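First comes the structure, then the notes that go with it.
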Amino acid sequence: MKKNNNWALTLGCLVRRNIGIYLKDKMMVFFSVLTPVIVLLLYILFLGDMQADMVMEMLRQEEFAEVLAGIDEATINMLVRGIINNWMIAGVMGVSCITVAFNANTMMVRDRERGNINDVLSAPVKRWVMYASYIISCFVITFCICFAILLISIIYLACTHGLMMNFVDFLAILGNMLLSIVCSSFVTVLIVSFIKSEGALTAINGLFSAAIGFLIGAYMPFSMLPNAIQYIACFIPGTYGAGIFRNIFMQGPLRMLSGLLDSSNVSTELIETLVKDYSIEMDFFGHTISVGWMVFALAASVVIAGILLVIFYSNKKTNFFQQKTKKLRRKRKN
């Protein structure tokens, strides 16, 4: 049989098939959205108030009391709540881009475990097209869910008087979300390629979802975490995506706070303290890295993950499809 050279048409069909099966499985969709929703509820009900109280306690210190003396208490409370809410939403978006992508790859494991992939292998379909279909469908699913979470987050910020971004900020958030999702799609497909059953994926996903929020500084600032955790976070791509989200979301509230304060050294120290304590500036083994370097690190992670995918795909011992072919041949012999 002559192999099908129309790989674009085949790729489109496989992507539509993956997305269609994903949407039909309501539980799969539910668990994909569950982690971001839980994180958002935890912040709204518990962590948000705790973080706001910590900032207010810091502002009541004698060194900062003088510079804030002329500002109305209600205005200060609104700004503090705005800072915390924007920091919270940045963490939710950082976690969502990773956990939703991980859940979106359930179809890949299910195809492997149930033998559905054998139907594709028996057809004249190039195997790299199958790999690409999983990556693209993971990206599309993750983007749609994360975009919905972003809209909900913006509505929440508007209702709590914490929406202090302009249209350029929104475009920057959207751009970072796209880059973060591309990175997560490549990395999670690479990881999931080695998982052989849905049960194992569920167990790993539970541990992964619980840990990733701490490792990227979404649940609490890096300044509160042990140094060992901070060093580990430097090698996780999602850390830089979350860092970019924090910079974009929080620059509005911090800009407004800076405008209310005078230009004294005390007011500058206050802003610098908030920037440091809430990980707006990231520390890479003692070196502060800018947003530009965060973007570079995230883009470099995409390239590295892509190279690793090609390497594992080319190796017969680690090839996702090669292992299934061997099992299929054994069954035919028996």
**Prompt:** Can you spot a residue in the stretch 118-126 that is in a loop (DSSP other than H, G, I, E, B) and either of a type in the set (Val, Ile, Thr) or modelled with pLDDT of 90 or more (or both)?
**Reply:** yes
**Message:** For the list (1) surrounded by 14 or more Cβ atoms within 10 Å (Cβ to Cβ); (2) hydrophobic (A, V, I, L, M, F, W, C); (3) more than 16 Å from the chain's Cα centre (by Cα), I need the number of the one condition that residue 218 fails.
**Reply:** (3)
**Prompt:** Does the stretch 155-166 contain any residue that is within 21 Å of residue 248 (Cα to Cα), modelled with pLDDT under 90 and small (Gly, Ala, Ser)?
**Reply:** yes
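Can you tell me which residues in the stretch 190-202 are among the β-branched types (Val, Ile, Thr) and in a helix (DSSP H, G or I)?
First pass over the stretch 190-202, keeping only residues among the β-branched types (Val, Ile, Thr): 191-192, 195, 202.
Matches in the stretch 190-202: 191, 192, 202.
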**Request:** Kindly check whether there is at least one residue in the stretch 240-254 that is under 27 Å from residue 108 (Cα atoms), more than 18 Å from the chain's Cα centre (by Cα) and of a type in the set (Phe, Trp, Tyr).
**Result:** no
**Prompt:** Is there a residue in the stretch 168-177 that is β-branched (Val, Ile, Thr) and touching a residue at least 60 places away in the same chain (Cβ under 8 Å)?
**Reply:** yes
**Prompt:** Which condition number in (1) at pLDDT below 80; (2) under 24 Å from residue 91 (Cβ atoms) is the one that residue 314 fails?
**Reply:** (2)
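For the stretch 56-106, what are the residues that are of a type in the set (A, V, I, L, M), in a helix (DSSP H, G or I) and at pLDDT below 85? Show your work before the answer.
At the first step, the residues of the stretch 56-106 found to be of a type in the set (A, V, I, L, M) are 56, 58-59, 65, 67-69, 71, 74, 76, 78-80, 83-84, 88-90, 92-93, 95, 98, 100-101, 104.
Then keep just the ones that are in a helix (DSSP H, G or I); that gives 56, 58-59, 65, 74, 76, 78-80, 83-84, 88-90, 92-93, 95, 98, 100-101, 104.
Correct list: 56, 58, 59, 65, 74, 76, 78, 79, 80.
Condition first: at positive phi and out of contact with any Phe, Trp or Tyr (no Cβ under 7 Å at 6 or more places or on another chain). Can you find one or more residues in the stretch 209-232 that meet it? Outline the logic, then answer.
Within the stretch 209-232, the subset at positive phi is 217.
Then keep just the ones that are out of contact with any Phe, Trp or Tyr (no Cβ under 7 Å at 6 or more places or on another chain); that gives 217.
Scanning the stretch 209-232 turns up at least one residue that is at positive phi and out of contact with any Phe, Trp or Tyr (no Cβ under 7 Å at 6 or more places or on another chain).
Which of the residues that make up the stretch 5-48 are small (Gly, Ala, Ser) and touching a residue at least 60 places away in the same chain (Cβ under 8 Å)?
Keep residues of the stretch 5-48 that are small (Gly, Ala, Ser), which gives 8, 12, 20, 32, 48.
Hit for the stretch 5-48 is 32, nothing else.
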**Request:** Could you grab me the full set of residues in the stretch 203-229 that are under 18 Å from residue 90 (Cα atoms) and assigned to a helix (DSSP H, G or I)?
**Result:** 209, 210, 211, 212, 213, 214, 215, 222, 223, 224
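One line per residue, one yes/no per condition, for (1) surrounded by 15 or more Cβ atoms within 10 Å (Cβ to Cβ); (2) of a type outside the set (A, V, I, L, M, F, W, C); (3) under 30 Å from residue 49 (Cα atoms):
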position	(1), (2), (3)
154	yes, no, yes
165	yes, no, yes
172	yes, no, yes
185	yes, yes, no
199	no, yes, no
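Quick one: which residue in 238, 292, 243 is without any contact (Cβ under 8 Å) to a residue 24 or more places away in the chain and in a helix (DSSP H, G or I)? Break it down stepwise before answering.
Numbers: 238 fails: without any contact (Cβ under 8 Å) to a residue 24 or more places away in the chain; 243 fails: without any contact (Cβ under 8 Å) to a residue 24 or more places away in the chain.
Exactly one residue qualifies, and that residue is 292.
The values are calculated or read from the model by the stated rules, or taken from the named source; none is laboratory data. Because the structure is a prediction, the values reported are computed rather than measured. With ideal geometry, Cβ positions are generated from the backbone for all residues, glycine too; neighbour counts draw on all protein chains shown.
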